[in-house]
Amino acid sequence: MQQIASQCTNCGAFTRRSFHHEEEYQSSVLLERLRTSNLPATDEEISHIRHTILPTVTDDISSIESKLASLREVITSMEEERERLKNVQKRYSNLVSLHRTLPSEIWSEVFLYAVCIYSNAFNASRPMWQLSHVCQRWRNVSLSIPSFWSNIEIDFRDAAQKEANVQLLETVIQRSRQGPLNVYLISGYSSVPSPDPSILKRILDIILAESHRWRKLHLTDDSGCWNMLYAALHNRLPRLESLALYVPQLELEKHSAVSVFENCPRLTKLSLGGVVKLPWDQITELDLSPMGPVDSEEERRECIRLIGRCPSLETLSMPEWGSEDDESVYTAITCSNMRKLDATSVPVINALTLPCLREVFFRPEPATADYALSSFKQLLIRSNCITALTSLSLANVPLAASPADCTLHSILSQTHSLAILGSIAVLRVEF
C-alpha cells in the first residue's frame, strides 16, 4: 500500500499516511501492468487515470506544497530568532570579555605600542585621532596620554594651511596638557602657492607660546623665513634636550640667530647644518652630517673644533669629507667619554683618540680604502679600545687580496687572540 508523509496536528511530528481508497491500490496495479507491457490502456482505464488518479495526485502535491511553505516560514522564523539570540549572546559576552576588564593603564601601553612615537599629531588622519574615535572608553584613554599628542610637525610651505589647521593645533596643544613637546618646523622655497600669511602667523604664535615645553626642536629652512622665530626663542627653551638645525650659516648670521640656543640648560643632543653658540659642555650626542659634504679647509677645521668643544661627547656622526688632504693640519683630540663613532673621513680618524670607544661605523671612500683601513687600525691601537668594542661595522672594504684586506684580517686576528673576545658582540662587515 502506498504511503505519504503527514504532520501530526498535536505535536507537529511527521507520520506516514496510507491511501484510503481501493481504487488507489488498483491504480498502482494498473500502472505496473501498463508500464511492463506494450498493451494500450482501455477506455475505462484512460478515464480512471484522467478523472481519478491524476486529480488525486494533484491534490496531494498541492497539499504537500502548502505544508512545505508553512515549514519554510517556520524555518525562516527560527533562523531569524537564532540570529537575534546570537547578537544577544555576543553583546553579553562582550560585557564580560577581557578587554572590558583591562585597566586603562594597560590600554595606554597598547596604544603607545600601536602608534609610532614620532607620529605627527598635527594631522587628523594619524592613528591617535582614529583610536580616539572608536568608542568612549578608547577616547578617554587616548585623551589621557599626553605623549600621544606631543609630536607636532608643521610644514609652512603647505598651501593647505587654513583656519581648520589653527583649530587642530589648538586641540593638539590642549590634549598634550603640560607635557614636553617635540616640534618639527619646516620652511623654505616651494613651487606651490604660498599659504595665507595670517594663518601661518597664528599657527606660529600658538606653537611659540609653548616654547617653554619644547623638548626637541627640528628646524629646517633654506629661505630665511625664521627671523620672527629666532627673536621669540631667546631664553625661552628651558626644557630643550635635542636640537636639529638645518639652516644655512648665512641665514643664521643674517637674522642674528647664532646665539639663540646658547642658554639651553638641558640640551645634550645636537644635529647641525650651521654653527651657532651653544652650551657645548652639555652636549653628549653630536651629529655634524647635515653640514656635509665639507670641502673647504675652513669647514673642516670648524668640524674638528666643534668636536674639541664637547668634553662630554659620547656619540659622534661626521659629515662626508671632500678630498683627503694632509691630516697633519688638524689638532689631535682625545674624547674620553665617546662610545659611538660614525665617520667617513681619514683625517677625522687620524685626529681622534677614543679610549672608551664601543661602537664604530666606518665607511671610507672606496678609492682610499687601503689607506683608510690602515688609519682605522691605528685609531684602535692608539685608543687601546679594541678589546672593549661591542659593535664594529665597516663599509666599502674590498674583499680581495689587497692591503685593506690584509689590514682587516690583521685587526680581526689581533682581536681573536685576546682573552675577552666575547666582548665583541656584533660584527658586520659590508663589501
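The values are calculated or read from the model by the stated rules, or taken from the named source; none is laboratory data. The structure presented is a predicted model; accordingly, all values stated were derived computationally and were not measured. In this analysis, Cβ positions are derived from the backbone assuming ideal geometry, glycine residues included, and neighbour counts consider all displayed protein chains. Keep in mind that these areas ignore ligands, DNA and RNA; they rest on the heavy atoms of the full protein, side chains included. Shrake-Rupley method; radii C 1.70, N 1.55, O 1.52, S 1.80 Å.
General remarks:
- Close pairs from region 64-89: first surrounded by 10 or more Cβ atoms within 10 Å (Cβ to Cβ), partner of a type in the set (Val, Ile, Thr), Cβ under 9 Å, at least 6 apart: 64/4
- Test: residue in region 243-255 that is open to solvent by 60 Å² or more (accessible area, probe 1.4 Å), in contact with a strand residue (DSSP E or B) (Cβ under 7 Å, 6 or more places away or on another chain) and modelled with pLDDT under 80: yes
- Among (1) at pLDDT 80 or above; (2) crowded, with 17+ Cβ neighbours inside 10 Å; (3) farther than 19 Å from residue 126 by Cα; (4) under 26 Å from the mean Cα position of the chain (by Cα), the one test that residue 176 misses: (3)
- Boolean, residue 159 is over 29 Å from residue 272 (Cβ atoms), in contact with a Ser or Thr (Cβ under 8 Å, 6 or more places away or on another chain) and at pLDDT below 85: yes
- Condition broken by residue 167, with the remaining ones in (1) loosely packed, with under 13 Cβ neighbours inside 10 Å; (2) under 22 Å from residue 219 (Cα atoms) satisfied: (2)
- Residue 383 satisfies every condition listed in (1) of a type in the set (Gly, Ala, Ser); (2) farther than 22 Å from residue 284 by Cβ; (3) at pLDDT 80 or above except (2).
- Here residue 370 meets each of (1) among the charged types (D, E, K, R); (2) at pLDDT 75 or above; (3) touching a helix residue (DSSP H, G or I) at 6+ places or on another chain (Cβ under 9 Å) with one exception, condition (2).
- Being modelled with pLDDT under 60 and open to solvent by 60 Å² or more (accessible area, probe 1.4 Å) is a condition met by no residue of region 337-356.
- Screening residue 39 against (1) loosely packed, with under 10 Cβ neighbours inside 10 Å; (2) part of a helix (DSSP H, G or I) leaves a single unmet condition, (2).
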